[in-house]
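S.K.: Below you'll find the structure I mean.
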Amino acid sequence: MDHGKTTLVQALTGTWASRHSEELRRGITIKLGYADTSIYKCPNCEEPHCYCVTKECPSCGGEAELQRTVSFVDAPGHEILMATMLSGAAVMDGAILVIAADEQCPQPQTREHLAAIEAVGLKNLVIVQNKIDLVSRENALKNYDEIRSFIKGSIAKDAPIIPVSAQQIVNIDLLLQGMQKYLPTPTRESNLPPRMHIIRSFDVNKPGTAIDDMVGGVIGGSIIQGRFEMGDEIDIKPGLPTRQKNRLRMRELVTEITSLHVGGTAVDEAIPGGLAGVGTMLDPSLTKSDGLVGSLVGKPGTLPPVLEELRLDYELFKNVVGSRTREKVAKIAKGEKLLLNVGTAKTMGDVTDVKKSEMETKLSIPVCAEPGDRVAISRRIGGRWRLIGVGTMSG
């Protein structure tokens, strides 16, 4: 994660998850980060100055009214971490694409981020032209034109470009206004069987904790439908990887919800929207170090099947995403090994059959998925995984 993006999230939230502090000091986030913020609107001020992230309006000192609370999932900016970035994009309702004003646009990672947005089907997008305090007006306008040229003809062609200085807290109110207008809260299917994508999992017990004081493993993610309540019995699929006769098998996990946290607040019920932390009765050794990332959570008997093979209708991009040389994407070949992102899961797929727009793959790690799910397809090029296309699971 670049420093500019970190500063922008801090400007919008005022905080950053402490578990990422060491990664921030190293200058790059290798896992997904997340934070929450509330958007307020002052009834006494004109737009966009009426928008803020505190109850007290910074413009007039009056009391601002809560509009909504949003969660940020920060995906790594570096191009070599494409698979992790795709996992984060899979649970987003909208995206803020951050582009530095002091660099030529597009950078390879910017191409990959936009391709990821298209691959997972995100349609709501705001572009932030950050670090405008580091360039002259002329160079800022030149960079703006580069951004506009870059997004021409893409899914982002109509997205607003908002100039911001996160370091100097310039135009944050304008960005909040843009988020309210262009990143609406989607309609949620709260009456369907509950389902959640796991994007992080933890052992929250500190070293040396007495056995009687230990708590079960914690899973974090985004609820996409339904609602979870305290005490619910839940399935986690595909679950725990195990080896049987030199083959990788997945063992479904069944546990009980012991705590629910949304936006840092303990709740008795969690519904779609934002990010949720779910305490369980699982042995914390199963959830430590993101051991359950990629699994789905749901009520027993409601989750899709665990699949060892995938059939895809796919479409390849014209050029390899992220490559500085912009080389053409070669056809997929039988026997080729591809990296596949299905929701928040990532797995290797050996191509067993391929046609012009259809293919079948045998997976190295089974996934829990169903027809209609989108799949991002990456190929190893020059020692790095590059996004080359997108597919949809067929029956």
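The values are calculated or read from the model by the stated rules, or taken from the named source; none is laboratory data. All values reported here derive from a predicted model rather than from experimental measurement. Virtual Cβ from ideal backbone geometry, glycine too; neighbours counted across all protein chains shown.
Yes or no, residue by residue, for (1) among the hydrophobic types (A, V, I, L, M, F, W, C); (2) closer than 24 Å to Thr110 by Cα; (3) in contact with a Cys (Cβ under 9 Å, 6 or more places away or on another chain):
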{"site": "Ala333", "(1), (2), (3)": "yes, no, no"}
{"site": "Leu338", "(1), (2), (3)": "yes, yes, no"}
{"site": "Lys356", "(1), (2), (3)": "no, no, no"}
{"site": "Glu370", "(1), (2), (3)": "no, no, no"}
{"site": "Met393", "(1), (2), (3)": "yes, no, no"}
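S.K.: Select from the stretch 322-376 the residues that are closer than 21 Å to Glu252 by Cα and either assigned by TED's automatic domain parsing to the domain that holds Leu240 or of a type in the set (Asp, Glu) (or both) and write down the one among them that is modelled with the highest pLDDT.
M.R.: Applying the filter and picking the extreme gives Glu370.
S.K.: For the stretch 202-210, indicate whether the set of residues that are assigned by TED's automatic domain parsing to the domain that holds Leu240, of a type outside the set (Ser, Thr, Tyr) and either in a strand (DSSP E or B) or touching a Ser or Thr at 6+ places or on another chain (Cβ under 8 Å) (or both) is non-empty.
M.R.: Yes: the stretch 202-210 contains one or more residues that are assigned by TED's automatic domain parsing to the domain that holds Leu240, of a type outside the set (Ser, Thr, Tyr) and either in a strand (DSSP E or B) or touching a Ser or Thr at 6+ places or on another chain (Cβ under 8 Å) (or both).
S.K.: Only one residue in Gly343, Gly391, Gly335 is on the phi > 0 side of the Ramachandran plot, touching a residue at least 24 places away in the same chain (Cβ under 8 Å) and of a type outside the set (Phe, Trp, Tyr), so which one is that?
M.R.: Values: Gly391 fails: on the phi > 0 side of the Ramachandran plot; Gly335 fails: touching a residue at least 24 places away in the same chain (Cβ under 8 Å).
Of Gly343, Gly391, Gly335, the one residue that is on the phi > 0 side of the Ramachandran plot, touching a residue at least 24 places away in the same chain (Cβ under 8 Å) and of a type outside the set (Phe, Trp, Tyr) is Gly343.
S.K.: When the residues of the stretch 181-197 are filtered to those that are in contact with a Lys or Arg (Cβ under 8 Å, 6 or more places away or on another chain) and at pLDDT 90 or above, which remaining residue is nearest to Val53 (Cα to Cα)? First the steps, then the outcome.
M.R.: From the stretch 181-197, those in contact with a Lys or Arg (Cβ under 8 Å, 6 or more places away or on another chain) are 185, 190, 193-194; that's our starting set.
Filter once more, keeping what is at pLDDT 90 or above: 193-194.
Numbers: Pro193: 33, Pro194: 30 Å.
In this case the residue turns out to be Pro194.
S.K.: Another one. State which residue is farthest from Gly226 (Cα to Cα) when the search covers only the stretch 255-287 and only residues that are of a type in the set (S, T, N, Q), buried (at least 20 other Cβ atoms within 10 Å of the Cβ) and touching a residue at least 60 places away in the same chain (Cβ under 8 Å). Break it down stepwise before answering.
M.R.: The first filter runs over the stretch 255-287 and keeps only residues of a type in the set (S, T, N, Q), leaving 255, 258-259, 265, 280, 285, 287.
With buried (at least 20 other Cβ atoms within 10 Å of the Cβ) added as a condition, the list becomes 255, 280, 287.
Next, from what is left, pick out any that are touching a residue at least 60 places away in the same chain (Cβ under 8 Å): 280, 287.
Values: Thr280: 19, Thr287: 23 Å.
Filtering the stretch 255-287 for residues that are of a type in the set (S, T, N, Q), buried (at least 20 other Cβ atoms within 10 Å of the Cβ) and touching a residue at least 60 places away in the same chain (Cβ under 8 Å), the one farthest from Gly226 (Cα to Cα) comes out as Thr287.
S.K.: Go through the residues of the stretch 228-237 one by one and say whether even a single one is part of a loop (DSSP other than H, G, I, E, B), in contact (Cβ under 8 Å) with a residue 24 or more places away in the chain and closer than 22 Å to Val73 by Cβ.
M.R.: No, because not a single residue in the stretch 228-237 is part of a loop (DSSP other than H, G, I, E, B), in contact (Cβ under 8 Å) with a residue 24 or more places away in the chain and closer than 22 Å to Val73 by Cβ.
S.K.: Let me ask something else about it. Among the residues that make up the stretch 24-46, is at least one of them part of a helix (DSSP H, G or I), surrounded by 16 or more Cβ atoms within 10 Å (Cβ to Cβ) and at pLDDT below 75?
M.R.: yes
S.K.: Can you work out which of the residues in the stretch 58-75 that are surrounded by 21 or more Cβ atoms within 10 Å (Cβ to Cβ) and assigned to a loop (DSSP other than H, G, I, E, B) is nearest to the chain's Cα centre (by Cα)?
M.R.: Checking each candidate, the answer is Ala75.
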